[in-house]
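In what follows, a structure is listed as structure tokens, so that the remarks can point back to it.
The values are calculated or read from the model by the stated rules, or taken from the named source; none is laboratory data. These numbers come from a predicted model, not from an experiment. As a convention, Cβ positions derive from the backbone with ideal geometry for all residues, glycine included, and neighbour counts pool all protein chains shown. These accessible areas exclude ligands, DNA and RNA; they are computed on the full protein's heavy atoms, side chains included. Shrake-Rupley method; radii C 1.70, N 1.55, O 1.52, S 1.80 Å.
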Amino acid sequence: MQPDLLNHAHIAQLSRLFRRHSPLVHCMTNDVVQTFTANVLLAAGASPAMVIDVEEAPQFAALADALLINVGTLTRPRAAAMRAAVASANAAGRPWALDPVAVGALTLRSDFCRELVALKPAAIRGNASEILALAGMSAGGRGVDTTDSAAAAPAARALAQQLATVVAVTGEVDYITDGQRTLAAAGGSPLMTKVVGTGCSLSALVAGACALPGDRLLNVAATCGLVKYAGGAAAAGSRGPGSFVAAFLDTLYQEVKA
């Protein structure tokens with residue numbers, strides 16, 4: 001069965017939800033992308049916070065609307081803080097999302113993410129090799145660079161069904177599933193792969209989308225569609241990665257402001 005393709009009406013509705021609710025997203029993300037992620041959240045109408053201390057993180061996770069766990073620059077102390085934040089978010093009824101960066105390629109993060117998925121993330125956002133590895137299937141790609149999302153769509157469905165969560169596998173086409181229904185988001189631009197943080201910032205937006213009212217699957221899928229749309233529109237007027245970043249933030253801002 002072919003997945004349903006998102007249209008701009010879904011993206012427009014999602015943009016209105018972000019503008020109206022402005023979710024506070026607690027980002028425990030990697031060091032490389034913190035500024036870009038914060039700017040993307042602000043441009044999309046959300047509010048970012050980066051609280052990573054092992055004592056403060058669980059306190060803040062209970063206050064924020066949503067939590068992002070991104071293991072891109074994982075260390076053992078950071079894993080302890082993330083573990084405590086997830087427990088606090090769950091106790092407070094706050095949704096959290098997992099970005100399993102390079103899972104399958106490195107032992108510490110692979111073991112840690114397999115531990116975390118048992119704690120019921122509201123959503124998981126990863127590329128093809130990451131989702132395949134998290135689902136316990138073979139990944140034949142290049143870790144964080146793998147983009148064959150269609151090949152990983154069955155693994156995403158199986159993982160979503162097993163964990164009762166929403167899984168987004170992103171690439172040339174994004175496939176978003178809750179194990180029963182699958183949606184697809186097309187568009188974007190190759191320039192998005194020339195800027196560090198487009199996927200990580202998408203995961204932060206996905207975490208925020210999990211805190212919005214309505215159909216969580218549709219909200220997460222429309223978030224993927226929003227980023228695809230902004231990436232394609234920004235690339236059309238860009239000369240390269242530098243001008244793309246500014247145009248991408250401006251496009252997100254204008255779309256949500258509209």
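Checking SER110, SER129, SER88 one by one, the residue that is under 21 Å from LEU63 (Cα atoms) and in a helix (DSSP H, G or I) is SER88 and no other. Working only within the stretch 38-54, note down all residues that are open to solvent by less than 40 Å² (accessible area, probe 1.4 Å), of a type in the set (A, V, I, L, M) and not in a helix (DSSP H, G or I). ALA44, ALA46, ALA49, VAL51 - these are the residues of the stretch 38-54 that are open to solvent by less than 40 Å² (accessible area, probe 1.4 Å), of a type in the set (A, V, I, L, M) and not in a helix (DSSP H, G or I).
Per-residue answers, yes or no, for (1) under 24 Å from TYR175 (Cα atoms); (2) open to solvent by 20 Å² or more (accessible area, probe 1.4 Å); (3) modelled with pLDDT of 95 or more; (4) of a type outside the set (Ser, Thr, Tyr):
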| residue | (1), (2), (3), (4) |
| --- | --- |
| MET1 | yes, yes, no, yes |
| LEU14 | yes, no, yes, yes |
| VAL25 | yes, no, yes, yes |
| LEU67 | yes, no, yes, yes |
| THR75 | no, yes, yes, no |
| GLY93 | no, yes, yes, yes |
| LEU108 | no, yes, yes, yes |
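Candidates PRO121, PRO100: the one that is closer than 14 Å to ALA164 by Cα and at pLDDT 95 or above is PRO121. Is it true that THR35 is closer than 22 Å to LEU252 by Cα, open to solvent by 40 Å² or more (accessible area, probe 1.4 Å) and hydroxyl-bearing (Ser, Thr, Tyr)? It is true that THR35 is closer than 22 Å to LEU252 by Cα, open to solvent by 40 Å² or more (accessible area, probe 1.4 Å) and hydroxyl-bearing (Ser, Thr, Tyr). Just one residue in the set ALA160, ALA139, ALA152 is surrounded by 24 or more Cβ atoms within 10 Å (Cβ to Cβ) and at pLDDT below 95; that residue is ALA152.
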